[in-house]
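**Q** Here you go, one structure.
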Amino acid sequence: MSVVISGLSEDQQKKLYSLLGHVRLHLLYKASVHGFTAAAFHSHCDKQGATVIVAYNAAGFVFGAYTSKDYTQCGEDIKDETAFLYSISAEGNKPLRVAGISGQCAFTDGATGPNYGALLFLHEDGPAVQSKPGTGFHFQAAAMHGGDLALTEFEVYRVEGLGDLLAKPWRNIQWTAERKQQLMNSILNYKSCIKTVNQARVLLVGPVGAGKSSFFNSINSAFRGNMTSQAIAGTAGTSVTTQFRTYTIKAGKGGGALPLILCDTMGLEENADTGLDIEDLVNIHKGHIKDRYQFSPSAPLLDSTPGYKRHVTLSDKIHCVVYVVDTCKVSLLTQKMLDKFATIRKKTNQLGIPQILLMTKVEEACPLVAEDLKNVYRSVYIQRKARQLSESLGIPLTCVLPVKNYSEELDLDQDTDILLFTAVEQMLNYADSFFENLDTEDQEMSVITS
Ligand SMILES: Nc1nc2c(ncn2[C@@H]2O[C@H](COP(=O)(O)OP(=O)(O)OP(=O)(O)O)[C@@H](O)[C@H]2O)c(=O)[nH]1
Ligand SMILES: [Mg+2]
């Protein structure tokens, strides 16, 4: 996924959040990337709901406008009592917040750059602002932008209200030591209904950096009782994982293998010849790809290449596919990425493999969850993201599971383990559905060649 990065420093971000309250910001448009033109602004920012403009000048001012209304280019004057202009200057200074003059409109919704009367951004389709204090908003030019009307950068963010906590969680989880033990036992004692299959094989698929490798590390750590990092996890422009890996998990140090194999793949990227290849994925589904196969997006595996396993048994096939998505990036999933998911889902459905969706980084996505992971099913924001994902990927909400992976902690945590184990238990249930759906002929066949 191509990532456009915010120009706000940490201090500026904090100040902006202090003006906006309990919200999350999603960068929609960055003029240095998309163009300093009204057309580019409208193509990225129209009909996005509440937004905030962030303009930068060489004098060090960060200033702009918040509105709760859509930009639609309807040509009308828009009233919005919640709209305001603001300015953030040097470190330490309190941000300036300017409400609109009572009775006057907030902005004119035309085809120009955003026009708040007193401030017209992208003036004459360029990196400039026209400043006319007194039109709609009163302010001192020196305090707003220091008189420097040339823009060095111009960004627009969608402002998403995080909402509060639901009175009742949308899924009931028991956050107790007994429940954790119960889940662990249920996973340890899992037996597939097929005699020849000892371990359910679960495949992790998702965009670069979603937390696939971290999920394996987290499960491995939770079962071993201490932090492990067998799978390399981290952040880079492209996928950190470049090999196909099949991981077994041990029940404690020196313990036996769990009846579960987690298969880690290279991240998905939106363009055709980058990231995990769909043909490779189909071969993984069918069990043809060997452990440690080096993915090569431009040259998918052929049945004549060394990493290809010709003779496969039911144990080699994937029994459950888990889509892994970063909760913070749900609104940023591009149409290309969603189309890629749709193709994968189609191929996976054709092979009769059940699918689950794992939403990672829930604590990064919602501060209320960061405060207490037990809020995960009570956070309005997480519920909204789960619904949004369920709709855009066409996966029922019952198959959407929020989790927090271990990423920087040194100690295990009971609540984190309970969420992780709940997800694994569900994966095993789904693998069972796969086995149950096989016809008797398939079930009896131990060696399948295709
Ligand atoms: N805060 C937080 N960070 C996470 C979580 N899961 C993963 N991360 C971090 O996200 C980054 C990417 O995680 P990985 O597990 O490498 O992601 P991946 O899906 O394997 O990525 P590729 O192999 O590059 O496709 C790492 O820095 C992790 O520490 C989570 O639940 N919470
Ligand atoms: Mg990885």
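The values are calculated or read from the model by the stated rules, or taken from the named source; none is laboratory data. Nothing here was measured: the structure is a model prediction, and the numbers come from that model. Cβ atoms come from the backbone with ideal geometry, glycine included; neighbour counts cover every protein chain shown.
**Q** Being of a type in the set (A, V, I, L, M, F, W, C) and at pLDDT 95 or above is the filter; apply it to region 144-160 and report the residue that is nearest to residue 51 (Cα to Cα). So that I can check it myself, show each step before the final result.
**A** The initial filter retains those residues of region 144-160 that are of a type in the set (A, V, I, L, M, F, W, C), namely 144, 149-151, 154, 156, 159.
Retained after the next criterion (residues that are at pLDDT 95 or above): 144, 149-151, 154, 156.
On the way: 144: 19, 149: 22, 150: 22, 151: 19, 154: 13, 156: 7 Å.
This residue is 156.
**Q** Find the residue count for region 296-310, including only residues that are in contact with a Ser or Thr (Cβ under 6 Å, 6 or more places away or on another chain) and closer than 20 Å to residue 353 by Cβ.
**A** So the count comes out to 0.
**Q** Shifting gears a bit: Given region 22-72, what strands (runs of 3 or more DSSP E) lie entirely inside it while holding 2 or more residues that are under 24 Å from the mean Cα position of the chain (by Cα) and at pLDDT 95 or above?
**A** The qualifying strands (runs of 3 or more DSSP E) are 23-30, 51-57.
**Q** Provide a single number: the residues in region 77-95 that are surrounded by 12 or more Cβ atoms within 10 Å (Cβ to Cβ) and either over 33 Å from the mean Cα position of the chain (by Cα) or free of Cβ contacts under 8 Å to residues at least 60 places away in the same chain (or both). It would help to see each step written out before you state the result.
**A** Going through region 77-95, the residues surrounded by 12 or more Cβ atoms within 10 Å (Cβ to Cβ) turn out to be 77-80, 82-89, 95.
Right, trim to either over 33 Å from the mean Cα position of the chain (by Cα) or free of Cβ contacts under 8 Å to residues at least 60 places away in the same chain (or both) and you get 77-80, 82-83, 85, 87, 89.
Matching residues across region 77-95 total 9.
**Q** Can you pull out every residue in region 369-383 that is closer than 15 Å to residue 404 by Cβ, of a type outside the set (S, T, N, Q) and out of contact with any Ser or Thr (no Cβ under 8 Å at 6 or more places or on another chain)?
**A** 370, 371, 372, 374, 376, 377, 378, 381
**Q** Only one of (1) in contact (Cβ under 8 Å) with a residue 24 or more places away in the chain; (2) of a type outside the set (A, V, I, L, M); (3) in contact with a Leu (Cβ under 9 Å, 6 or more places away or on another chain) is not met by residue 294, so which one is it?
**A** Every condition holds for residue 294 apart from (3).
**Q** All but one of (1) surrounded by 18 or more Cβ atoms within 10 Å (Cβ to Cβ); (2) within 16 Å of ligand 1 (Cβ to nearest atom) hold for residue 237; which doesn't?
**A** (1)
**Q** Let me ask another. Which one is surrounded by the fewest Cβ atoms within 10 Å (Cβ to Cβ) among residues in region 138-177 that are among the charged types (D, E, K, R) and under 30 Å from the mean Cα position of the chain (by Cα)?
**A** Checked region 138-177; the qualifying residue surrounded by the fewest Cβ atoms within 10 Å (Cβ to Cβ) is 168.
**Q** Here is a further query. Please specify each residue of region 200-214 satisfying the condition of being more than 19 Å from residue 344 (Cβ to Cβ) and near ligand 1 (Cβ under 6 Å from one of its atoms).
**A** 214
**Q** So, in region 384-416, exactly how many residues are of a type in the set (Ser, Thr, Tyr) and assigned to a loop (DSSP other than H, G, I, E, B)?
**A** 2
**Q** Is it the case that region 215-223 has a residue that's under 22 Å from the mean Cα position of the chain (by Cα), within 16 Å of ligand 1 (Cβ to nearest atom), in the same structural domain as residue 409 (by TED's automatic domain parsing) and among the β-branched types (Val, Ile, Thr)?
**A** The answer is yes; a qualifying residue exists.
**Q** Still on this structure, please answer the following. Looking at (1) buried (at least 17 other Cβ atoms within 10 Å of the Cβ); (2) under 22 Å from residue 271 (Cβ atoms); (3) among the hydroxyl-bearing types (Ser, Thr, Tyr), which is the only condition residue 298 fails?
**A** Single failed check for residue 298: (1).
This table checks each residue for (1) out of contact with any Leu (no Cβ under 9 Å at 6 or more places or on another chain); (2) without any contact (Cβ under 8 Å) to a residue 40 or more places away in the chain.
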position	(1), (2)
314	no, no
319	no, no
339	yes, yes
353	no, no
360	yes, no
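**Q** Considering only residues that are among the charged types (D, E, K, R) and within 16 Å of ligand 1 (Cβ to nearest atom), look in region 251-271 and name the one that is nearest to residue 227 (Cα to Cα).
**A** 264
**Q** Within 16 Å of ligand 1 (Cβ to nearest atom) and in a helix (DSSP H, G or I), is that true of residue 186?
**A** Numbers: within 16 Å of ligand 1 (Cβ to nearest atom): no; in a helix (DSSP H, G or I): yes.
No.
**Q** Condition test on residue 103, is it part of a loop (DSSP other than H, G, I, E, B) and either on the phi < 0 side of the Ramachandran plot or at pLDDT 95 or above (or both)?
**A** no
**Q** Kindly provide the set of residues from region 213-259 that are away from ligand 2 (no atom under 12 Å from the Cβ) and part of a loop (DSSP other than H, G, I, E, B), ordered by number.
**A** Residues of region 213-259 away from ligand 2 (no atom under 12 Å from the Cβ): 218-228, 237, 246, 248-259.
Matches in region 213-259: 225, 226, 227, 228, 237, 251, 252, 253, 254, 255, 256.
**Q** Given 242, 327, 334, which one is more than 18 Å from residue 216 (Cβ to Cβ) and surrounded by 14 or more Cβ atoms within 10 Å (Cβ to Cβ)?
**A** When all the criteria are applied, what remains is 327.
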